[in-house]
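Following: one structure in structure tokens, then a few remarks.
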Amino acid sequence: MRQLASIRVITDIKPIEGRDKIVLALVDGWSVIVKKDEYQIGDKTIFCEPDSILPEKPEFEFLRSKKFRIKTMKMAGVISQGICFPLSFLPEGDYQVGDDVTELMGITQYEATMDKEPEPSAETERLTAPKRKYPAFLMRRAWFRELVSPKPVKAGFPDFISKTDEVRIQNSPYFLDWDCEWVATEKVDGQSGSFTLKRIKGKHFWNRTRYDFSVCSRNYRQMEKNSTSYWQVAERYQLEKVLHQLIGEKEWVAIQGECVAPTVQGNKYHVTKADLYVFNLIYPDGRVGSMEAKEKVEACGLKFVPVVSEKVRVKGMSVAEVLEYATGKSQLADTLREGIVFRSMDGKQSFKAVSPEFLIRYNV
């Protein structure tokens, strides 16, 4: 589960012009409006990120009009993201900076920020081939049983790749000290999907190499073909064939991308059918650099997420400046882009900057 509430430190406090009862507190890379004199620089606090839903308790009654939801807001001319509470809101204990207190606070995630995806049914645990009857004298041979026995395929997310979830710059401001160039790509607002092909070699010479193709939402493998955007794009772009082109001599290959569709996230890009914008090409030795990945997947007829800049430096920028840079018009439609994903040239490191203006406009 996402770490929505954690123990943080107030790193700076700034006045808000024209206001004498509130100030802007900095918590790592987050800017949060708090009451004046409630905190001092260096104090510990419980910081709750945007997307948090607080429980219906008396101490949170002031949030009832907001349905107990914490979101990005603009007030007194400044952007405020998240909320701070004193440690007294927690049971007595020795809390250290970085401790995850989401469950202790009773916090859940705002559902609109989570992908809507069908959970796997019991049927997805089925064997890949129907059972068949064979002569008894053959079934007494171990080698024959191994040859004809169907191989189980689990419904869980493939264990050889990670789920898509870039860290926000507010939680990783140390990237702003790195003296390197980044590839900046548009963060597309859709549903994250993963598509993999794995080579499965037989144990004996008579076992032919098989290939296991998987279609996955953010959290689950979608075993049966269905009407979700994941399977729609898999069939539209013949992704199993594409992955066969990309796998080469590797053990496996994976592409990850954002699925957009008329029924997804309000259809901000005005599409008429499900589409896919790839942002990751991954092999056993790691993620391929964005520009190389773009070249490879486009050669196979796929679309890559829009590139905002092939080389950008963020060293010396503030978090606020990075968020301002992330705000702009989408390259896919006449709409505000969600933000930007920054990747190192070799593809190994990455972070995202979500536009506060986007969050405010779309109430997320």
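The values are calculated or read from the model by the stated rules, or taken from the named source; none is laboratory data. Keep in mind it's a predicted model, so treat the numbers as computed, not measured. Backbone-built Cβ (ideal geometry, glycine too); neighbour counts: all protein chains shown. Just so you know, the surface numbers come from the protein's heavy atoms only, side chains and all, with ligands and any DNA or RNA stripped out. Shrake-Rupley method; radii C 1.70, N 1.55, O 1.52, S 1.80 Å.
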Residue satisfying all of: in the range 268-287; farther than 23 Å from Ile200 by Cβ and in contact with a helix residue (DSSP H, G or I) (Cβ under 9 Å, 6 or more places away or on another chain); most open to solvent (accessible area, probe 1.4 Å) among these: Lys273
With the first residue restricted to the range 61-75 and required to be at positive phi, and the second required to be open to solvent by less than 20 Å² (accessible area, probe 1.4 Å) and assigned to a helix (DSSP H, G or I), Cβ contacts under 8 Å at 6 or more apart or on different chains are Phe68/Phe60
The lone condition Thr124 fails out of (1) assigned to a loop (DSSP other than H, G, I, E, B); (2) open to solvent by less than 60 Å² (accessible area, probe 1.4 Å); (3) at pLDDT below 75 is (1)
Restricting attention to the range 301-326, which residues are hydrophobic (A, V, I, L, M, F, W, C), within 25 Å of Gln238 (Cα to Cα) and either open to solvent by less than 30 Å² (accessible area, probe 1.4 Å) or out of contact with any strand residue (DSSP E or B) (no Cβ under 9 Å at 6 or more places or on another chain) (or both)? Leu302, Phe304, Val305
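Quick one: would you say Gln170 is farther than 22 Å from Phe304 by Cβ and in contact (Cβ under 8 Å) with a residue 40 or more places away in the chain? Quick ask: steps written out before the conclusion?
Working: farther than 22 Å from Phe304 by Cβ: yes; in contact (Cβ under 8 Å) with a residue 40 or more places away in the chain: yes.
Here the answer is yes, as Gln170 does meet what is asked.
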Taking only pairs six or more apart or across chains, which ones have beta-carbon atoms under 7 Å, a first residue in the range 336-364 that is free of Cβ contacts under 8 Å to residues at least 40 places away in the same chain and among the polar types (S, T, N, Q), and a second residue that is surrounded by fewer than 19 Cβ atoms within 10 Å (Cβ to Cβ) and not in a strand (DSSP E or B)? Ser355/Thr327
For the range 276-288 the number of residues that are without any contact (Cβ under 8 Å) to a residue 40 or more places away in the chain and assigned to a strand (DSSP E or B) is 3
Can you name every residue in the range 210-267 that is among the small types (Gly, Ala, Ser) and buried (at least 18 other Cβ atoms within 10 Å of the Cβ)? Ser214, Ser217, Ser229, Ala234, Ala254, Gly257, Ala261
Please verify whether Ala293 is closer than 29 Å to Glu111 by Cβ and in contact with a Lys or Arg (Cβ under 9 Å, 6 or more places away or on another chain), treating the condition exactly as stated. no
Checked against (1) buried (at least 19 other Cβ atoms within 10 Å of the Cβ); (2) out of contact with any helix residue (DSSP H, G or I) (no Cβ under 9 Å at 6 or more places or on another chain); (3) of a type in the set (D, E, K, R), Lys329 satisfies every condition except (1)
Could you pull out every one of the helices (runs of 4 or more DSSP H) wholly within the range 289-364 that has 1 or more residues that are among the basic types (Lys, Arg) and at pLDDT below 95? 356-361
